[in-house]
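The values are calculated or read from the model by the stated rules, or taken from the named source; none is laboratory data. If you're wondering where the values come from, they're calculated on a predicted model, not measured in any experiment. No Cβ is skipped: glycine too gets one built from the backbone with ideal geometry, and neighbour counts run over all protein chains shown.
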Amino acid sequence: MFVISFLVRRLAQGALIIFLVTLLIFTLLRIVPGDPVRLMAGGMAPEALIEQIAEEMGLRDPVLVQFGRYMSGVVRGDLGQSFVRPASGASTGGSSFGDATRGERADVLTLIGETLPMTLQLAFLAIAFAMIFSFLVGIPAGLSPGRWPDRVAFYVSSIFISLPGFWLGIVLALLLSVKLGWLPAIGYKGFAYTILPAIVLAVELSPVLIRTLTGSISSAMTMPFIAVGRVRGLSQRRIIFAHALRNASVPLLNLLGIQISGLLGGVLVIEFIFDYPGLGLLTINAVLQRDFPLIQGIAIVTSAIFVLINIAVDLIATLIDPRLEY
Amino acid sequence: MNSSPVLSVRNLGVDVGTGAGARPVVSDVSFDLAPREIVGIIGASGSGKTVLARALVNWIDPPLRIASGSVEYKSQNILDLAGGRMRLLRREIAYVGANPMGALDPTLPVGRQIVEKLSAVVPGIDPSEARKRVIDLLGAVRIPSPRLRFDEYPSQFSGGMMQRALIVDALVSNPAFLVADNVTQPLDVTVAAQVLRLMRELTERFDTAVVFVSSSLPTVKEAADQVLVLSEGRIVERNTPQRLIDAPQHPYTLQLISQIPKIWTSEAAAVPRTQNAARPTISIRDATRTYRVRKRGTFAAHSEVRAVRNVTFDVMPGENFGVVGESGCGKSTLMRLLSRLEFPDSGSVICNGKDLSKLRGKTLLKFRRDFQLVLQDPFNSLPPRTSIGAILEDPLRVHGMRNAKEIRERVLAVMAEVELPANLYDELPLGLSAGQRQRVNVARAMVLEPKVLIMDETLSSLDQTEQFRLLALFEKLQAQHGLTYVFISHDLAMVRRVCNRVAVMYLGEVVEIAHNERLFFDPGHPYTKALLSAVPTLEERRYRPEDCLLEGEPPSPIDLPPGCSFASRCPHAFDRCRAESPTLTARNHGELAACFLVGGPGARAAA
């Protein structure tokens, strides 16, 4: 019962958030300089043709009318079509006009549908790496504050947080892929291509996770029920894994929610460096080409992912600690 | 005493720190615990009781260190046992502490954690059998609907319930002995009395010997066969409780006994009746305060917590007015209404003829100046990184004083008045004792020369000696400045000593208002009697707990039953009490009680 009411309430809030984000992005995109039709039709297209195409596409209507038309499509699951990309494949950039008619342009939903799984695969692998590493370093550190595991965790996270992701990406690609030939790096021809970018992302994620885990475990270990648990006859292993970790996991989960959302931004640079065909690369190109429908589509999908992740995190947190129910 | 002792402690010493800085906390303690015996250990705060209690269950963590001696159980010194072997012995050695709310993991159901403990100390026990045993025992300690309670979380238990659950947790493995460290201390008096009765019953049923550690001699007297008096870590006297009280030998025991408040004997302080003045200082009229909280497990439903219900009383100038009641009775909400931190939903609070909710701007500032609050917790109520002088200067600045020299002089004058040494001016509150901190709190209120001080459990966290000193200070300040005090407290003995008139609250309602003497010698409401029956005192009780209180805890303020809210615990309740709610009825001399038995001829007979 609680779960249903929680989900209904939060999903309704989430829908509102996504709507506002869409409105904001839509309006801002219409205000920024640069005419997408000029880009689509090519620099050599006559002014009259551009006006005609713009009229046809409804780009000269008031922004709110355009938004209404767009939203009515969105609720039917139609995110529109790319201004630039043909359905057949790669981006044309539109140096000539007339070779790509509207009917052949790619559906935004299809473009996102092709790239999102790639990015999710990368993100989940990165989080898995980061979690495993953070648990291995952070738990011993939290259990012995002030002693050597704690100091190791501190140094490791200090070093990791100081490494810029783009630099680490280049260095690792050079080392592991070019010099040693262990892992492939550029492009995507199979799962192995995900590993290297995931490692780079994990290095960026783990310092904050390690610090939070260390702090929350060491503070969980000072709670009275831990000491009393020992006197009640619970084994040290049970105390740590069934109780301390459980109580320490709520702050970690909240952090993870934020981290995953941040990851979708961090992925931009890394995908660009590794030429990884994910949502990040798609976003960069869409922005460079002023491909309004695509940018909007990506914004809606990403904000929906943010909202869903936060709902999931809050739900899991209340399942772990029922006092958070409200 | 029969057979060989369960536990024998020999020359036990515990130090804090190591090397040259080591200081003994417990030294040279020796005693035996016979099977089924209850040994009480008593001492003031800081006497080493808790450390001793922990040493008995081999729970000494750095910086504490066992310095000497042994704790022998089954002819082995448990202090020498390694972790694993000690852990299996936990089945036979149980411990219940003073902090029931912190003792279990807040994120897991209570029942499951007790089962977890049982299967940790009795490896291989069948889970469904363990579950059944825990539910049976939860019923045995009179937790209502144990099957449902099994799956509830610690935050859904009240303090008293939780302490019962922990007693179940301790006894579930049939231990040979149980160390109970100050188990009744955090509980309300009526609940503490129930828990104490329960412990005695259970130890007989389960054949468990008990070491009962407490700072309250009256409590130990109720429980123990044999009392050890602990002073500065040493046992200074041992005897049976009655002989100890009748003929104490050691000066420390004498001192402990002399500090136990007197309630009914002639030594008890006589508090004068209040003179009725023309206009009351505070007049609270039919005030009600309800909080809305979201109902668990529903979509958008709210339930109403009725924290204060139709409260009406007057406080006269120069009076000491007491508000007593147990936790959750609405005392603190009432304090928030009186100090204008919140407004009543209906009714009004009138101070010096002005309705508080209508005060704005300058008049509000004036009211704040005249009505000052002194809070309960001496540790959290002072900012830790602000010097004491600055803490005391702040209110003066807020109220418009600008001249730095004058401010300093005023602060120093107040510090002298509350007997704080002037050299504390630039100190941080860090090193102060609880009593000194409470003086800083009083000084912070007094610096504005208020007319009314509202004391919300101000003395509860202090030990008897310090309480005496502060009460003397309050008396002096009252004589000098003509102050009016409102004491909000659960401590009836303190109220008996200082308050002219007392209002008793139960579940948000005032059930009785009476002058001091009348309240303690001829209470009009059965709840007042129940409270009096549970006051820890060595005197012959005027009211016996067995006659005054049924088992159970106050109903939740969310789902109030119809009729009198005390009916579920009242031994005199009859049909009418469960149907309609009694209103405050005049007895005489302006004394009121909300009970159908008051006023009618049946009243005397039933009382």
Subject >> Filtered residue count, the range B:140-158, keeping only those that are within 23 Å of B:Gln185 (Cα to Cα) and more than 14 Å from every other protein chain (Cβ to nearest Cβ) >> reply: 6
**OP:** Return only the number of the condition from (1) in contact (Cβ under 8 Å) with a residue 40 or more places away in the chain; (2) away from every other protein chain (no Cβ under 14 Å); (3) touching a helix residue (DSSP H, G or I) at 6+ places or on another chain (Cβ under 8 Å) that B:Ile135 does not satisfy.
**Re:** (1)
Original post:
Quick one: is A:Leu175 without any contact (Cβ under 8 Å) to a residue 24 or more places away in the chain, more than 14 Å from chain B (Cβ to nearest Cβ) and out of contact with any helix residue (DSSP H, G or I) (no Cβ under 8 Å at 6 or more places or on another chain)?
Top reply: yes
Subject >> Selection status of A:Gly266, in a helix (DSSP H, G or I), within 16 Å of A:Thr119 (Cβ to Cβ) and more than 14 Å from chain B (Cβ to nearest Cβ) >> reply: yes
Original post:
Taking strands (runs of 3 or more DSSP E) that fall entirely within the range B:1-80, which contain at least 2 residues that are more than 18 Å from B:Val179 (Cα to Cα)?
Top reply: B:7-16, B:23-33, B:64-73
**OP:** Report, by residue number, each residue of the range A:1-57 that is farther than 25 Å from A:Thr283 by Cβ and among the aromatic types (Phe, Trp, Tyr).
**Re:** A:Phe2, A:Phe6
Subject >> Count - residues of the range A:211-239 that are free of Cβ contacts under 8 Å to residues at least 24 places away in the same chain, among the aliphatic types (A, V, I, L, M) and either part of a loop (DSSP other than H, G, I, E, B) or in contact with a Ser or Thr (Cβ under 7 Å, 6 or more places away or on another chain) (or both) >> reply: 1
**OP:** Would you mind finding the one in B:Val227, B:Val236 that is crowded, with 24+ Cβ neighbours inside 10 Å and either in contact with a strand residue (DSSP E or B) (Cβ under 6 Å, 6 or more places away or on another chain) or not basic (Lys, Arg) (or both)?
**Re:** B:Val227
Subject >> Of all residues making up the range B:5-56, the number that are more than 17 Å from B:Ser70 (Cα to Cα) and surrounded by fewer than 16 Cβ atoms within 10 Å (Cβ to Cβ) >> reply: 9
Original post:
Out of B:Ala503, B:Ala530, which single residue is crowded, with 22+ Cβ neighbours inside 10 Å and outside any strand (DSSP E or B)?
Top reply: B:Ala530
Original post:
Filtering the range A:1-12 down to residues that are in contact (Cβ under 8 Å) with a residue 24 or more places away in the chain and under 24 Å from A:Leu79 (Cα atoms), which residue is surrounded by the fewest Cβ atoms within 10 Å (Cβ to Cβ)?
Top reply: A:Leu11
**OP:** Inspect all residues belonging to the range B:330-345 and state whether any of them is of a type outside the set (Lys, Arg) and part of a strand (DSSP E or B).
**Re:** no
**OP:** Give A:Leu143, A:Leu120, A:Leu111, A:Leu125 a once-over and let me know the one that is closer than 30 Å to A:Pro36 by Cβ, at pLDDT 80 or above and buried (at least 16 other Cβ atoms within 10 Å of the Cβ).
**Re:** A:Leu111
**OP:** Within the range B:76-84, identify whether any single residue is modelled with pLDDT under 85 and within 9 Å of chain A (Cβ to nearest Cβ), and answer yes or no.
**Re:** yes
Original post:
Mind checking which residues of the range A:216-226 are buried (at least 17 other Cβ atoms within 10 Å of the Cβ) and either away from chain B (no Cβ under 11 Å) or out of contact with any helix residue (DSSP H, G or I) (no Cβ under 9 Å at 6 or more places or on another chain) (or both)?
Top reply: A:Ser216, A:Ile217, A:Ser218, A:Met221
**OP:** Just name the residue that is nearest to A:Ile139 (Cα to Cα) out of those in the range A:168-191 that are modelled with pLDDT under 85 and not in a loop (DSSP other than H, G, I, E, B).
**Re:** A:Ser177
Original post:
Does any residue of the range B:264-277 turn out to be in a loop (DSSP other than H, G, I, E, B), of a type in the set (Asp, Glu) and modelled with pLDDT under 70?
Top reply: yes
Original post:
Does B:Ala300 fit the bill of being at pLDDT below 90, more than 14 Å from chain A (Cβ to nearest Cβ) and outside any helix (DSSP H, G or I)?
Top reply: no
Original post:
In this structure, is A:Leu252 of a type in the set (A, V, I, L, M, F, W, C), in contact (Cβ under 8 Å) with a residue 60 or more places away in the chain, part of a helix (DSSP H, G or I) and buried (at least 17 other Cβ atoms within 10 Å of the Cβ)?
Top reply: no
**OP:** Could you look through the range B:87-114, keep only residues that are more than 27 Å from the chain's Cα centre (by Cα) and more than 9 Å from every other protein chain (Cβ to nearest Cβ), and pick out the one that is nearest to B:Ala165 (Cα to Cα)?
**Re:** B:Arg112
**OP:** Scan the range B:369-413 residue by residue and report those that are surrounded by 18 or more Cβ atoms within 10 Å (Cβ to Cβ), in a helix (DSSP H, G or I) and within 30 Å of the chain's Cα centre (by Cα).
**Re:** B:Ile388, B:Ile391, B:Leu392
**OP:** Collect the residues in the range B:346-368 that are in a helix (DSSP H, G or I) and either surrounded by fewer than 16 Cβ atoms within 10 Å (Cβ to Cβ) or aromatic (Phe, Trp, Tyr) (or both), keeping them in residue-number order.
**Re:** B:Ser357, B:Lys358, B:Gly361, B:Lys362, B:Thr363, B:Leu364, B:Leu365, B:Lys366, B:Phe367
Subject >> Criterion: at pLDDT below 90 and closer than 30 Å to B:Gly124 by Cα - qualifying residue of B:Leu202, B:Leu217, B:Leu256 >> reply: B:Leu202
**OP:** Sort through A:Arg290, A:Arg246 and tell me the only one that's over 30 Å from B:Asp105 (Cα atoms), basic (Lys, Arg) and in contact (Cβ under 8 Å) with a residue 12 or more places away in the chain.
**Re:** A:Arg290
Original post:
Could you list, in sequence order, the residues of the range B:1-50 that are closer than 17 Å to B:Tyr252 by Cβ and among the aliphatic types (A, V, I, L, M)?
Top reply: B:Val25, B:Val26, B:Val29, B:Ile41, B:Ile42, B:Ala44
**OP:** Please determine, by comparing only the residues of the range A:231-257 that are within 7 Å of chain B (Cβ to nearest Cβ) and of a type outside the set (S, T, N, Q), which one is farthest from B:Ala82 (Cα to Cα).
**Re:** A:Arg246
